[in-house]
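Peer 1: Here you go, one structure.
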Amino acid sequence: MSDSPLAQAPLGRAVAYPHSYDPSQLFPIARAQNRSALRMPGPWFGADIWNAYEVSWLNGRGLPRVALARFTFPADSANLVESKSFKLYLNSFNESRFSSQEEVAATLQADLSRAAGAPVSVELMNVGAADALGWQPLEGICLDEQDIAIEHYQPEAGLLRIAPGAEVVSETLVSHLLKSNCPVTGQPDWGSVQVRYTGPRIDPESLLKYIVSFRRHTEFHEHCVERMYCDIWHALQPTSLFVMALYTRRGGLDINPWRSSQPEAPPVLRTVRQ
């Protein structure tokens with residue numbers, strides 16, 4: 001761990017919460033190191049969408065303001081941001097005065113874009129808005145009720161296989177059985193996965209076994225999704241592929257990475273588990 005960039009991260013260490021606005025709390029992690037170990041199939045599109053539920057600051061007269069927020073980090077940004085540092089950064093706004101919500105949004109966008117190395121989208125929402133971060137179920141055929149035996153709890157790409165006599169299909173498959181673990185603290189990260197593809201039909205039992213195989217794996221959310229995307233791509237050789245994981249909330253943040261072989265509008269959704 002001492003040679004890893006995570007050695008300097010606040011994750012897994014006792015830290016003091018900042019009492020004033022402090023962008024230095026943000027801890028970027030280069031995406032390139034993890035991607036160098038993957039068999040990336042070529043260019044992809046996507047983003048990491050963060051929903052934040054504990055955003056607050058003071059107005060010019062010292063009155064607290066609160067909001068919900070959605071942050072969208074492009075997949076082609078040089079860095080992701082470590083989640084605990086993100087939480088500490090957001091908390092640094094709590095006792096700091098800003099003239100308007102627009103100033104807060106502009107400050108967030110500037111700091112996060114600098115940390116990511118690419119423009120980050122920031123949307124602040126009124127907590128009283130009827131449709132603010134409303135939840136909806138994931139579309140697709142759920143894999144989770146299959147009666148199968150599980151033997152692998154570390155990612156095993158060899159589990160993935162095409163169905164016998166597979167015809168070319170376009171389908172969307174969903175599982176709520178994703179669990180991975182924080183690479184520093186070992187704490188569990190729970191999530192739901194959506195896989196949408198056009199290509200030879202994947203054997204549904206093999207896909208569920210593969211998703212469950214992440215259960216003891218230690219890797220950041222973004223890295224897990226990219227690993228899934230690469231493994232499914234090489235196993236299936238589809239003409240199109242979309243993989244998204246919606247992770248449950250921790251510390252007032254949930255993280256929702258998605259990767260796609262096609263450019264498309266970013267999904268805007270939140271499940272009941274979030």
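Where a number appears in this text, it was derived from the coordinates with a stated rule and is not lab data. This is a predicted model, so every value here is computed, not measured. Positions of Cβ are generated from backbone atoms using ideal geometry, with glycine treated the same way; all protein chains shown enter the neighbour counts.
Peer 1: Given a Förster distance of 35 Å, report the FRET efficiency between Ala163 and Gln33 from their Cβ-Cβ distance, rounded to the nearest 0.05. Mind dumping the intermediate values first?
Peer 2: Numbers: r = 35 Å, r/R0 = 1.01.
Using R0 = 35 Å, I get an efficiency of 0.50.
Peer 1: If you average 1/r over all unlike Cα pairs in the stretch 141-260 and invert the result, what Kirkwood radius do you get in angstrom? Walk me through the numbers before you get to the answer.
Peer 2: Numbers: mean 1/r = 0.0696 Å⁻¹.
It is 14.4 Å.
Peer 1: If you build the convex hull over the alpha carbons only and average its shadow over all orientations, what do you get for the stretch 225-274? Give it in nm² to one decimal. Can you show the working numbers first?
Peer 2: Numbers: hull surface 16.4 nm².
Spelled out: convex hull of the Cα atoms, projected over all directions, averaged, 4.1 nm².
Peer 1: If you don't mind, there's one more thing I want to ask. Longest exposed-loop-site-free stretch of the chain, with GluC sites (Glu not before Pro), DSSP loop and at most 16 other Cβ within 10 Å? Walk me through the numbers on the way to the answer.
Peer 2: Details: sites that count: Glu95, Glu139, Glu145, Glu151, Glu156, Glu167, Glu264.
Between the exposed loop sites, the longest stretch runs 168-263.
Peer 1: Work out, step by step, the length gained on full extension between Val127 and Glu102: first 0.36 nm times the residue separation, then minus their alpha carbon distance; give nm to one decimal. Numbers along the way, then the final one.
Peer 2: On the way: separation 25, 0.36 × 25 = 9.00 nm, distance 1.57 nm.
Between Val127 and Glu102, full extension yields an extra 7.4 nm.
Peer 1: While we're looking at this one, here's another question. Filter the trypsin sites (Lys or Arg not before Pro) in the stretch 213-274 to those in DSSP coil with at most 15 other Cβ atoms within 10 Å of their Cβ, and list the result.
Peer 2: Values: sites: Arg215, Arg216, Arg227, Arg249, Arg250, Arg259, Arg270, Arg273; in loops: Arg215, Arg216, Arg249, Arg270, Arg273.
Loop-located and lightly packed - Arg216, Arg273.
Peer 1: Which aspartates and glutamates, if any, have their Cα less than 15 Å from the Cα of Lys84, not counting same-chain residues under 8 positions apart?
Peer 2: Asp22, Glu54, Asp189, Glu219, Glu222, Asp254
Peer 1: Same structure, new question: At 4 °C and a viscosity of 1.567 mPa s, what translational diffusion coefficient does Stokes-Einstein give for the stretch 5-125, taking Rh as the Kirkwood radius over Cα pairs? Give it in µm²/s as a whole number. Numbers along the way, then the final one.
Peer 2: Working: Rh = 15.3 Å.
My calculation gives 85 µm²/s for D.
Peer 1: Quick one: if you take sqrt(5λ) for each eigenvalue of the C-alpha gyration tensor of the chain, what semi-axes come out, biggest first, whole angstrom?
Peer 2: On the way: eigenvalues 242, 79, 56 Å².
Equivalent ellipsoid of the chain: 35, 20, 17 Å, largest first.
Peer 1: What does the charge count near Pro200 come to, summing +1 for each Lys or Arg and -1 for each Asp or Glu among other residues with Cβ under 14 Å from its Cβ?
Peer 2: Result for the local shell: -1.
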